[in-house]
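A short write-up of the structure that comes next.
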Amino acid sequence: MTTVLMLAAVAVPVLGALAQLGAGWRRATCWTSVASAVLVLTAAAALAVEVHRIGPLTALGGMVRIDALSAFMLIVIGAVGSLSTAAMPGYLRGEITAGRATPRSATRHSVLVQLFLAAMVAAVLAANLGVLWVAIEATTIITAFLVGHRRTRAAVEAAWKYVVICSAGIAVALLGTFLLNYAAAHAPGAAGLELADLAAHAAEFDPGVTRIAVVLLIIGFGAKAGLAPLHAWLPDAHSQAPAPVSALMSGVLLSVAFYAILRIKVIADAALGTGFTRALLVGMALASLLVAASLLLAQRDYKRMLAYSSIEHLALVALGAAIGTPLALAAALLHILGHGLAKGVAFLGAGRVLQLTGTSRIDEVRGLATRSPLLAGCLGLGVLALIGLPPFSLFASELGIARAGFTTSLGWAIAAALLLVLVIAAALIGHTSRMLLGTPPEGPGAATAVSRVPVSIGIALVGGLVACAALGVTAAPLTPLLTDAAQLLGGAR
């Protein structure tokens, strides 16, 4: 049964894409993507229970493997995927009505989104580092078409920038994969790229070769995770992609890329000790926070504003991974899920604002609270969740990372990070409040103002906020899985 569930998690989105391709996008088929994502979430929940009960599971002769970490990431993919795809029917109908899309382009969009989900599921279920690399590269190819979906000059430029920078990063990770394979092949008792075998035999690897491989792998996969120094693609891609795609990219794709970094960290810690990856991740995290803080202060585009917020939150996850205690690792994983839900709400809300106003400029959107109270309320609460206010789960996860950091030698890094987080929070509140409050302006910001929010988008917005708040009140259903994953990552030491 577990084998069926693991294979179904990949196969269902692929079959959904084929069904959508054959039937086209219309009222009777527009919910296919939602069904795929919900089935992935259902399979993830069932597999998480089994993994906690009996330990890691394998299928297809060991090619597919799931443990506590990959089971948790599968839940993230299913949860944020369900949130994002739930808003797709209402979003695409709005695009078709406005003449920016056609049923044909909506079909292409739905097919690519389901293939995107399948590629991310394949990445977290891959037992082999090479297969993991291939799956993450597949997400680059698929999402490039989604980023350029509107085919405007800005969208095409953003898609090319995304492809070039992420391909460069993935190429660096490929070189690191080759070097790690070399280190494994020349170590006694170890060969190949099976993640479990690499972690088990890493202490026998040549430290010089392994050190170079780890740097290349973390920087390479860090490019896909939106971490400095290869972060420049993220604001352009997120600002031009359709809102549900931005929600998926920010809430899931970045996290799946960081999942690869976590797998590398386990190997590196066994081969080189914990200090090497700790220093590397702390440096990348603080650099990313500095980039996000400095560029958010004078930001003029609200979708780019949310994109820079994604850089901030993945930096906090990196900081939690660097600390490496059980509390820090569990908090970092909880932060991944909370960020996915909150950022999904924020991007879906921003996409609806763009449809209503026809502009993504912050200074051209005013009085949203009087024109669309539900939309304004959800967007405002989504931003409050992102800055870490209770009862949302990001408050609990950020508090956990900070507490864990101050009990280690990284208290100075936590202090610096908190200062930058306060600057980012002030910028987010300032920009968002100007959009929500005041009198609607003349011109594009008021041209098509209406109060109605499509039902599917409203369900996604409210559902995401409720789920994020529920996690903040109690994460009890996920606690055993988070504990197991933290131990797997070395947090038991």
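Kindly indicate whether any position in segment 78-88 is closer than 30 Å to ASP197 by Cα, in contact with a Ser or Thr (Cβ under 8 Å, 6 or more places away or on another chain), among the hydrophobic types (A, V, I, L, M, F, W, C) and crowded, with 22+ Cβ neighbours inside 10 Å.
Scanning segment 78-88 turns up no residue that is closer than 30 Å to ASP197 by Cα, in contact with a Ser or Thr (Cβ under 8 Å, 6 or more places away or on another chain), among the hydrophobic types (A, V, I, L, M, F, W, C) and crowded, with 22+ Cβ neighbours inside 10 Å.
Suppose we filter segment 161-204 for residues that are among the hydrophobic types (A, V, I, L, M, F, W, C), more than 18 Å from ALA127 (Cα to Cα) and within 28 Å of the chain's Cα centre (by Cα); how many remain?
10
So, in segment 150-176, exactly how many residues are basic (Lys, Arg) and either surrounded by 14 or more Cβ atoms within 10 Å (Cβ to Cβ) or more than 24 Å from PRO244 (Cβ to Cβ) (or both)?
Here is the first cut: in segment 150-176, the ones basic (Lys, Arg) are 150-151, 153, 161.
Restricting the remaining residues to those that are either surrounded by 14 or more Cβ atoms within 10 Å (Cβ to Cβ) or more than 24 Å from PRO244 (Cβ to Cβ) (or both) gives 150, 161.
Count: 2.
What single numbered condition from (1) touching a helix residue (DSSP H, G or I) at 6+ places or on another chain (Cβ under 9 Å); (2) of a type outside the set (Phe, Trp, Tyr); (3) at pLDDT below 95 fails to hold for GLY22?
Unmet condition: (1).
Looking at segment 182-240, which of its residues are among the β-branched types (Val, Ile, Thr) and buried (at least 20 other Cβ atoms within 10 Å of the Cβ)? Give the derivation first.
Applying the first criterion (among the β-branched types (Val, Ile, Thr)) to segment 182-240 yields 209-210, 212, 214-215, 218-219.
Listed by number, the residues that qualify are THR210, VAL214, ILE218, ILE219.
Residues that are modelled with pLDDT of 95 or more, within 14 Å of ALA346 (Cα to Cα), surrounded by fewer than 22 Cβ atoms within 10 Å (Cβ to Cβ) and not charged (D, E, K, R): does segment 380-394 have at least one?
Checked against the condition, which is being modelled with pLDDT of 95 or more, within 14 Å of ALA346 (Cα to Cα), surrounded by fewer than 22 Cβ atoms within 10 Å (Cβ to Cβ) and not charged (D, E, K, R), segment 380-394 yields at least one hit.
Exactly one of these conditions fails for VAL131: (1) modelled with pLDDT of 95 or more; (2) under 17 Å from the mean Cα position of the chain (by Cα). Give me its number.
(2)
The values are calculated or read from the model by the stated rules, or taken from the named source; none is laboratory data. None of the values given here were measured: they were computed from a predicted structure. So basically every Cβ, Gly included, is an ideal-geometry build from the backbone, and we count neighbours across all protein chains shown.
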